[in-house]
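For reference, the structure discussed in these notes is given below.
Computed from the coordinates by the stated procedures, all read-outs in this text should not be read as laboratory data. Worth saying up front: this structure is predicted, and the values here are computed from it rather than measured. Positions of Cβ are backbone-derived with ideal geometry, glycine not excepted, and every protein chain shown enters the neighbour counts.
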Number of protein chains: 4
Amino acid sequence: MSNNANDLTPLLENIETEARKSIGRGKVADYIPALARVPRDRFGMAVCAVDGTEFVTGDADSCFSIQSISKVFTLELALKMVGSAALWKRVGREPSGNAFNSLVQLESEQGLPRNPFINAGALVVTDAITARTVSPVLALLGSVRRYAARQDIYIDEEVARSEAEHGHRNAAIAHLLKAQGNLNAKVEDVLSVYYRQCAIAMSCRDVARAFLPLAAGGRQPRTGEKLMTPLRAKRINSLLLTCGLYDGVGNFAFRVGIPAKSGVGGGIAAVIPGKYAICVWSPELDELGNSLAGTRALELFARKTRLSIF
Amino acid sequence: MSNNANDLTPLLENIETEARKSIGRGKVADYIPALARVPRDRFGMAVCAVDGTEFVTGDADSCFSIQSISKVFTLELALKMVGSAALWKRVGREPSGNAFNSLVQLESEQGLPRNPFINAGALVVTDAITARTVSPVLALLGSVRRYAARQDIYIDEEVARSEAEHGHRNAAIAHLLKAQGNLNAKVEDVLSVYYRQCAIAMSCRDVARAFLPLAAGGRQPRTGEKLMTPLRAKRINSLLLTCGLYDGVGNFAFRVGIPAKSGVGGGIAAVIPGKYAICVWSPELDELGNSLAGTRALELFARKTRLSIF
Amino acid sequence: MSNNANDLTPLLENIETEARKSIGRGKVADYIPALARVPRDRFGMAVCAVDGTEFVTGDADSCFSIQSISKVFTLELALKMVGSAALWKRVGREPSGNAFNSLVQLESEQGLPRNPFINAGALVVTDAITARTVSPVLALLGSVRRYAARQDIYIDEEVARSEAEHGHRNAAIAHLLKAQGNLNAKVEDVLSVYYRQCAIAMSCRDVARAFLPLAAGGRQPRTGEKLMTPLRAKRINSLLLTCGLYDGVGNFAFRVGIPAKSGVGGGIAAVIPGKYAICVWSPELDELGNSLAGTRALELFARKTRLSIF
Amino acid sequence: MSNNANDLTPLLENIETEARKSIGRGKVADYIPALARVPRDRFGMAVCAVDGTEFVTGDADSCFSIQSISKVFTLELALKMVGSAALWKRVGREPSGNAFNSLVQLESEQGLPRNPFINAGALVVTDAITARTVSPVLALLGSVRRYAARQDIYIDEEVARSEAEHGHRNAAIAHLLKAQGNLNAKVEDVLSVYYRQCAIAMSCRDVARAFLPLAAGGRQPRTGEKLMTPLRAKRINSLLLTCGLYDGVGNFAFRVGIPAKSGVGGGIAAVIPGKYAICVWSPELDELGNSLAGTRALELFARKTRLSIF
């Protein structure tokens, strides 16, 4: 990659300026104090290329609560631990067409969550790990650190505690899954792991690095480590595209056209297969729970680089 | 009431013979061992008249788990404790048109359970008591004893523990109610009271006596005590008719035509306003969760006495 | 019935005065012009006793569009034509717990409407008649005239045409029933009969008279004609109580405690078994589609006469 | 494209052999006779490259009923006729998470269909055309012929008539849309156009050619004609991926990873942006309504060419 032609920094700065214009029109997640007090004008973006080069703008090195982005890491780990066949018997691969934390669908589909990225599905995936190892949180943290190629990634325990206190809807889902026979570990244990995985703190640069194997056929270019097969990377990318943005996947694919996973902390991780892993962060959310400025930034990136997968 | 003309004993014996014919076609509740091991061929029936006379047949003095029949006692107590206006803000008075433990309806109606006899509504009613007194179980037990005019009614703690262990669906409902802001006490506390109220053990004679005030304008004829106003008795009777038999209220009204409340322990308590309170018990249930032989016995009683309210 | 003690006229006048106070707080049905232009301040009430005496107040002899009240007449006729067993295979007897014209329930319950008084159920009942006779409207009109003991009851063809023009939701229901195999006649034919039955014009006095057999064990006291068995009368009364007021049955039973059937024309017909048939009419509706002043009048009547069935 | 390296014919023949193995495990659509009598062992496949070369195997030149594949053509035409902004106000872009002809979702989302490929959405799109031109069928047929670069594409009128006769569920949806205010033309007219668009007969080669502009940035390589902008092509591709296979989009993206649209006639059209348009046809369907052998063939094609978009 030559210095000139492919330096994305000016592009990212340009995108930041443009995307920041939507700040003020969204709503910071306020269901727990630790999220509510994040300044609404933060914006960071990091792009990691499969050749290892990195480009950043704004608050790309500030840590934020990755929240549901963690579901991708848990899924990867669970697939590794219990195998593809066993896991996909317990959770589907279809978009939900419903709010991400709906109990209705779970009840009408008798305990088989539609996909691993709605809360019900993520709880089942977390259960797969929890039932398999004595220290599921350490196993997950170890995995995330290896993906991100950084050893000091940590869990924000204040956020985790806060999530637990305000997590009655997740507790309802977990108890319903237990009643439906799709939870093996104890409800309390699964919830405890779940709240802590959501409370992992990472920067845009960390997340983009950790998603790089999905863009690079399963390999982490920074370490040369082979973390998954090319087929698994492709398949996770397909799940990101069809299920990664709650009830906004269709619009996101239409406007942006890149596989991505969002979290209510305001982060969005995205993958352009064969080229880049991206993470953008800005705390204000749209009504579906996806970062407003983050979505805009990814739309601009896809348009300007003409790198939509379609 | 003269000895001859009004002695219902031969009628009840006749009804028992007839109703027992349906034993073998239902299914004893088996979600907890303590219920599953009740012999399926038990049958008891007690009729208490507003003049104080009583008629029984079969196992009318054997104790069984009253289960959801307890929801009527809790409702009466909650109405007394928090008042009609306050309680009916938190729970509706409409039949559910759905399975009794459905979460779908609760979610789509934003935390306002349809009526006090579905599980969600009963949990809200139990919460009203739990949040009001330091010893809700004692308060409830005291109330039931006064209604039944018998001091040694007890809670079967084995059943209560068993319910708690297998109560993940109720826990899901309670957590969802909490998330929706319609539960004041702690989820664990409400569930603990709820499981114990369901585990109250009473005989047909006890239950029929305890329901007698609903037939007698609010007065307990055995003690002369005025337990509620005539208007409240009428209103509770109306709730029994429209909401007392899960998703079978319409058919029960059509076939039997008497306000009634069933429990999965196989008991059904019924009220013929101005005349009788009745309790019949037989453990085998139909597919909606109502006692099969019990329903048949009440149908025969209503037809032979021509005492349907319609 | 002595002249003095039982002359209900002063009571009805008193009730009218009181019930009229709620006029101004409701909304006249405006989905078709013919209903929208009925003056909102009309109020009539008629009470027919099983001994043949009649009491009226207000606009008790003005004709109004009976709308869904007609579903009771169609049900009676269909039961007569195809028999109880055959009809109840095609329509249930449970309250719907849903808006009266919901397609959701119909779809999830595979074409078996919950009861004969929601639109889907009424269409199936109408189909039963339509598929049985070459002139279903004449058959129905003949039946209504016999019940009301009056030969000049007619159909308001303007209303019927208007209903047809604005009836896309009913057409949707009928086509869905056809797709689900629960409609035998042609969709167009069933709808045509349905719209015309809803457009029958009757006065409060007519409707009260026509409902009198339900209060009098199946006999029309005015003519001495036996129109149905006592059992059928009881059973229809039970259906009125559990399913007669859309999604307001529970509250109506709680407040009023009398079997009744309402129509969006503002009429409510009610039955006090063994005593009275009543019809009240006032065009303004509450949010569930039941006459506001009409409900109030029936509540007052039940309270003052202490004639709730509970 | 050199003769050797890129001749896909051997690959396609190989795929046909493999895919045919799944024949016998599915079910031919039998809701209308004209579809039911298509021999179940038919299999055809055509691949058109953006450079104009074409490769085929099996029954690639036999005509079949394209059914829902037509929805892509209607969408393109409607976007052209009424513009993007106007059309997307009336129909969403999210996967449905429900059976393709569900009325439930339509009702709960007040007349805004989730996407243009479920029946409700397709009816709204058809309405957009029907309300705009006096001869919507001719306009659509003209458009399809231009896309396919072939003038003798026709409508199988027997199929259209048959669809109309058995189309009560679609009629229900159309009437509901009308009641909800999201249909401008007359219900009968919209349905008539809809049934005829579904009855268009085309071969695999025709369909692949007609989809080629979606792979070629909007241009038809065979004629050089520019049929839409590159952005519109990208966006339609994204809709195919997230909404093109009923309730099977997630699994299809996971297994195959190519934007595609299926029809109950057994056809599937697919697009590999920048490379190929593909059509495969085999009448046996899986339980979701997608061609069984067709899905398998596309999965093999994507795997062997490594051309998944992920």
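General observations
- Chain D versus the axis that turns it onto chain B: the residue with the nearest Cβ and the distance in whole Å amount to D:Ser108, 4.
- For peptide B:163-170, the mean count of partner chain Cβ atoms within 10 Å of a residue's Cβ comes to 3.
- Per-residue 3J(HN,Hα) values for region A:278-293, derived from phi via the Karplus relation 6.51 cos²θ - 1.76 cosθ + 1.60 with θ = phi - 60°, read 10, 9, 10, 9, 7, x, 6, 10, 7, 5, 8, x, 9, 4, 6, 5 Hz in sequence order (x marks Gly and Pro).
- Sparse packing (at most 11 other Cβ atoms within 10 Å of the Cβ) combined with a DSSP loop state is found for the following trypsin sites (Lys or Arg not before Pro) in region B:1-84: B:Arg25, B:Arg37.
- As a rough footprinting exposure proxy, the listed residues C:Glu157, C:Glu163 were ranked by other beta carbons within 10 Å of their own, and the order from fewest upward is C:Glu157, C:Glu163.
- Copy-to-copy label separations for C:Glu157, where each label sits 7 Å from Cα toward Cβ, in nm and ascending: 3.7, 8.0, 8.4
- Calculated over region D:69-198: convex hull of Cα atoms, volume per residue (Å³): 98 Å³
- Stokes-Einstein diffusion for region B:1-141 at 25 °C, viscosity 0.890 mPa s, with a Kirkwood radius from C-alpha pairs, works out to 135 µm²/s.
- Separation of alpha-carbon centers, region D:1-79 and region C:151-203, rounded to whole Å: 46 Å
- Alpha-carbon Debye profile of region B:159-219, log10 I(q)/I(0) at 0.19 Å⁻¹: -0.77
- Chain A, relative contact order in percent, only Cα pairs under 8 angstrom and at least six apart counted: 26 percent
- Computed from backbone phi, the HN-Hα couplings of region C:206-214 come to 4, 5, 4, 4, 5, 8, 4, x, 5 Hz, rounded to whole numbers (Karplus: 6.51 cos²θ - 1.76 cosθ + 1.60, θ = phi - 60°; Gly and Pro given as x).
- Seen from all directions on average, chain B presents a Cα convex hull projection of 14.0 nm².
- Ordered by the number of other Cβ atoms lying within 10 Å of each residue's own Cβ, fewest first, D:Ser102, B:Ser84, D:Ser62 fall into the sequence B:Ser84, D:Ser62, D:Ser102.
- Residues with amide H under 5 Å from that of B:Val28, placed H, sequence gap 5 or more: B:Leu285
- Here the Gaussian network model covers chain A, with springs between Cα atoms less than 10 Å apart; of A:Gly97, A:Gly224, A:Gly167, A:Gly224 fluctuates the most.
- If you run the Gaussian network model on chain D, springs between alpha carbon atoms under 10 Å, then out of D:Pro113, D:Pro230, D:Pro136 the most flexible one is D:Pro230.
- Whether region B:165-310 is rounded, prolate or oblate, judged on the alpha carbon gyration tensor where a/c under 1.5 counts as rounded: prolate
- The H on the amide N of C:Ile200, modeled in the peptide plane, is under 5 Å from the matching H of C:Ile66, C:Gln67, C:Asp156, each at least 5 residues off or on a different chain.
- Taking 30 Å as the limit for the C-alpha separation, the pairs D:Lys89/D:Lys186; B:Lys178/C:Lys89; A:Lys275/D:Lys261; B:Lys178/C:Lys304; B:Lys21/C:Lys89 exceed it in the case of B:Lys178/C:Lys89; B:Lys178/C:Lys304.
- Judged by a Cβ-Cβ distance under 4.7 Å, the unpaired cysteines of chain B are B:Cys48, B:Cys63, B:Cys198, B:Cys243.
- When the C-alpha to C-alpha distance is required to be over 25 Å, the pairs from C:Lys80/C:Lys226; A:Lys27/D:Lys80; B:Lys80/B:Lys234; B:Lys27/B:Lys71 that qualify are A:Lys27/D:Lys80.
- Note on region A:238-296: Cα convex hull, mean projected area over all directions, 3.5 nm².
- Packing-based order for A:143-151, A:259-267, using average beta carbon neighbours within 10 Å, highest first: A:259-267, A:143-151
- Cα gyration tensor of the protein assembly as shown - equivalent ellipsoid semi-axes, whole Å, descending: 59, 39, 26
- Residues in region B:134-139 carry Karplus couplings, in order, of 6, 10, x, 5, 5, 4 Hz; the curve used is 6.51 cos²θ - 1.76 cosθ + 1.60 with θ = phi - 60°, and Gly or Pro positions show x.
- For the residues of D:238-249, the average number of beta carbons from a partner chain within 10 Å of their own beta carbon is 5.
- Neighbour cut-off at most 11 other Cβ (10 Å), DSSP loop, GluC sites (Glu not before Pro), region D:222-310: D:Glu287
- Cα gyration tensor category, rounded, prolate or oblate, for region B:125-181 with a/c compared to 1.5: oblate
- Nonlocal amide H pairs with A:Phe43, under 5 Å, H built at 1.01 Å: A:Asp59
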